[in-house]
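Below is the structure I would like to discuss, written out as structure tokens.
Read-outs: derived from the displayed coordinates by stated rules, not from any lab. Given the structure is predicted, the values throughout are model-derived calculations rather than measurements. All Cβ positions, even for glycine, are placed from backbone atoms using ideal geometry, and neighbour counts span all protein chains on display.
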Amino acid sequence: MRIDELLAADGPTFSFEFFPPRTPEGEANLYAALEELRPLDPAYVSVTYGAGGSTRTKTLEIVRRIREEYGLEAMAHFTCVGATVAELRATLDEMAAMGQDNVLALRGDPPQGQDEWVKTEGGLEYSSELVELIRADYDFTVGAACFPETHVHATSPEDDLRHLRAKVDAGVDFLITQLFFDNALYEGFVGRARAAGVGVPIIPGIMPITNYGQLTRFMTLCGASIPEHVLGELEARKDDAEAVAEFGVAYATMQCADLLAKGAPGIHFYTLNRSPATRAILSALRLWRPWDAAHTGLGEPRRPPAVA
């Protein structure tokens, strides 16, 4: 099933992101989470590519297994890192042979131990070039990433938007945001993106807070900020793991409900290969149905709906 078609249907889409595990225990956790989340009937799931493209084979193996054994639409992430154009084409050929309909095209992060992005000899420099490569010869629905708080390597928000517009003009069908914890950042970003001519659906990416130490690491890695009052509540609970997780689920549920009531096209959950938080949040949202307010005019959006 093509994700652009899913996004064109009535109602929001809910999707889950997983990463290739490094150990047998991690692999068991991944498939246990999939088993527990499958009854929630996500529109699709995605599988990351690993730093420097290091998990290419594992990513495609997991995507294949999710499609064949779990009956879910699975989308592989795909990066420019560490690959020539010929190697990129070979991977795309493999994806097409597997019957994949969708791909998330990313520039990717530098390999571990390398601080600066360096183009691979014979490879590509920008994610827009990767999108052009896919569009030229392959019939995939193409997704890409966007950054409400600006990409860490962008020289300015305006520069970041120029690169985003270039990706979309190259043929991107939908966007998924980097994680964020303040909905005003998403609203402001969508407004700026629309003003810059970006008309494709912009799906908010949400990571439920389940671990205080893990949260601080993610904030450092991706440059995400967190509202002071929320951080204060987490710091007051940081010595009680269960209390942190309970607060995190409650906060993410309210965050998602607010986004959906204001017209967001869905939610992409960063699951971290775990199921309890995502299961609790999505179950509550489906009972709550905050998107009905957006469809009936209740809770008028403060920005244009995210579906163009």
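Tabulate in residue order the Karplus-calculated ³J(HN,Hα) for segment 65-70, using 6.51 cos²θ - 1.76 cosθ + 1.60 with θ = phi - 60°, rounded to whole Hz; enter x for Gly and Pro.
The phi angles translate into 5, 4, 5, 7, 9, 10 Hz.
Now for a different question. For semi-axes √(5λ) of the Cα gyration tensor in Å, which listed value, (i) 46, 20, 17; (ii) 28, 23, 21; (iii) 32, 21, 19, comes from the coordinates shown?
(ii)
Also: Considering only T13, T177, T155, give the residue with the highest GNM mean-square fluctuation for the chain, with springs between Cα atoms whenever their separation is below 10 Å.
Fluctuation is largest for T155.
Now for a different question. For segment 155-161, in order, what is each residue's ³J(HN,Hα) by Karplus, 6.51 cos²θ - 1.76 cosθ + 1.60 with θ = phi - 60°, in whole Hz (x at glycine and Pro)?
Per residue, the Karplus-derived 3J(HN,Hα) values read 7, 6, x, 5, 4, 4, 5 Hz.
Karplus couplings for segment 141-150 from phi (6.51 cos²θ - 1.76 cosθ + 1.60, θ = phi - 60°), rounded to Hz, Gly and Pro as x?
Once θ is set to phi - 60°, the couplings for segment 141-150 become 6, 10, x, 8, 9, 9, 9, x, 9, 6 Hz.
Right, next: Pick from Y49, Y251, Y186 the residue whose mean-square fluctuation is largest in a GNM of the chain, springs joining Cα atoms under 10 Å.
Y251
Residues with amide H under 5 Å of G266's amide H, sequence separation 5 or more or different chain, H placed in the peptide plane at 1.01 Å from N; which?
Residues meeting the amide H criterion: T13.
Another one. Amide H of M75 versus every other amide H placed in the peptide plane: which residues, excluding those fewer than 5 positions away on the same chain, fall under 5 Å?
Long-range HN contacts for M75: V45, S46, V47.
Taking the Cα centre as origin and putting +1 on Lys and Arg beta-carbons and -1 on Asp and Glu beta-carbons, what dipole magnitude results for the chain, to the nearest 20 debye?
I would put it at about 280 debye.
Return the long-range amide H neighbours of C146 (sequence gap of 5 or more, or a different chain), with a cut-off of under 5 Å between placed amide H atoms.
Those qualifying (amide H under 5 Å, at least 5 residues apart or on another chain) are I176, T177, Q178.
For a protection proxy built on the mean count of beta-carbon atoms within 10 angstrom, sort 75-82, 145-152 highest first, please.
Highest mean packing first, the order is 75-82, 145-152.
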